[in-house]
Amino acid sequence: MTVEEVGSGWKLTYKIVGPDAPGPIYSTVLSQLDGKDVPQLVNGKPSGQTMGIKKIDSPHTVAVLKFQGKELAVSTRLANSTTDGNRQPFVPPTLLLTQ
């Protein structure tokens, strides 16, 4: 997963590779970190999933992952410190489908 700062938000890009897949699948989320649901795109197309990420303060974030409007996962996170003193960005829930 890569995290890019875009304006005041983040663009999350997941590269998913499966043993039987013909090639990688890319999933992207562009969030303004305001908690609003935004579409999770798979290879540039809507997937039926949304993610709402809210930045509470510098190291704290909360993410809610939904599929067709139904909440699947909630993740709260304090970014971990690295050995160089920098903080790692929040890693939200990944593609999660439950039945």
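The values are calculated or read from the model by the stated rules, or taken from the named source; none is laboratory data. Here the structure is a predicted model, which is why all the values come from computation and not from measurement. Positions of Cβ are generated from backbone atoms using ideal geometry, with glycine treated the same way; all protein chains shown enter the neighbour counts.
Some notes on this structure:
- Number of positions in segment 29-51 that are of a type outside the set (Ser, Thr, Tyr), more than 13 Å from the chain's Cα centre (by Cα) and within 20 Å of GLY69 (Cβ to Cβ): 4
- Listing of strands (runs of 3 or more DSSP E) fully contained in segment 1-42 that carry 3 or more residues being in contact with a Lys or Arg (Cβ under 9 Å, 6 or more places away or on another chain): 2-6, 25-31
- Annotation: of all residues in segment 29-52 being β-branched (Val, Ile, Thr) and closer than 13 Å to GLY9 by Cα, the one that is surrounded by the fewest Cβ atoms within 10 Å (Cβ to Cβ) is VAL38.
- Scan of segment 14-28 for residues that are surrounded by 12 or more Cβ atoms within 10 Å (Cβ to Cβ) and either β-branched (Val, Ile, Thr) or over 22 Å from LYS70 (Cβ atoms) (or both), ordered by number: ILE16, ILE25, TYR26, THR28
- Residue pairs meeting the criteria (Cβ under 7 Å; at least 6 apart or on separate chains; first modelled with pLDDT under 85, in segment 60-88; second surrounded by 13 or more Cβ atoms within 10 Å (Cβ to Cβ) and among the small types (Gly, Ala, Ser)): ARG87/ALA79; GLN88/ALA79
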